[in-house]
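See structure below.
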Amino acid sequence: MAKFYTGRDGSLLLDGVTQAKVTSWSFSSDLETLETTTLGESHRSYTPGVQGASGSATLLYYKADDGTNDAGVLLKKLINTNTAGITDADTVLFTLRYANGDNFNDIKFNAYITGASLGSNVGEVASAQINFQVTGVLSEASL
């Protein structure tokens, strides 16, 4: 039988731990193409160049009593007082997942948090928006 995936099937994991307070995520992969057209040709031609990926997520600003599932972990990768700036140690291991029972469709990668914003409105749960840039090759893409 066909399976239509919905937001209820999606999740975001950090270092293999599900972050249940994520309300949405998006992922985009792109390829730069290099033109190889030569003089005298009447049609453009291309060859693959550099591949990249990026995305975003919206999370509820939440921290469990036991310190797990803390939205601040991601935010501190960019919003911090570290005078040395951002380093290689600030990468995050993401897994974006669609679940179908015990079967998982995962995209796993290391990324830098490249943007973070917080918001708060009367009568609403506080939320944070993050943007990320994938670094290196995807470690899994089981779509």
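Overview of results
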item: Among L14, L39, L59, residue whose mean-square fluctuation peaks in a GNM of the chain (springs only between Cα atoms under 10 Å); result: L39
item: Of the trypsin sites (Lys or Arg not before Pro) in the stretch 1-38, those whose Cβ has at most 12 other Cβ within 10 Å and which sit in DSSP loop; result: K3
item: Cα-based reach from K3 at 20 Å (exclusive), listing aspartates and glutamates while leaving out same-chain residues under 8 positions away; result: D102, D106
item: For I107, I130, order by how many other beta-carbon atoms lie within 10 Å, fewest first; result: I107, I130
item: Candidate values [x] 57; [y] 64; [z] 76, label of the one derived for percent of Cα pairs over 18 Å apart; result: [y]
item: Helix-only CD estimate at 222 nm, as mean residue ellipticity for the chain, using -39500 (n - 2.57) per DSSP H run (n ≥ 4); result: -500 deg cm²/dmol
item: Under 5 Å, built H, 5+ apart or other chain: amide partners of S139; result: K108, F109, N110
item: Where labels lie 7 Å past Cα in the beta-carbon direction, separation of T81 and S24 in nm; result: 3.4
item: Positive dipole terminus of the chain, leading residue within S139, N105, L34 (C-beta point charges); result: N105
item: Ranking of V137, V17 by count of other Cβ atoms within 10 Å, fewest first; result: V137, V17
item: Candidates D102, D66, D88: whichever shows maximal mean-square fluctuation once the chain is modelled as a Gaussian network with Cα springs under 10 Å; result: D102
item: Dipole magnitude of the stretch 1-134 about its Cα centre (Cβ charges: Lys, Arg +1; Asp, Glu -1), debye to nearest 20; result: 240
item: Net charge over other residues, Cβ less than 13 angstrom from the Cβ of G52 (K, R count +1; D, E count -1); result: -2
item: Segment A141-V17, length gained on full extension (0.36 nm per residue, minus Cα span); result: 42.9 nm
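A short reminder: the numbers here are calculations on the coordinates, not readings from a lab. These figures come from a predicted structure and were not determined experimentally. Positions of Cβ are generated from backbone atoms using ideal geometry, with glycine treated the same way; all protein chains shown enter the neighbour counts.
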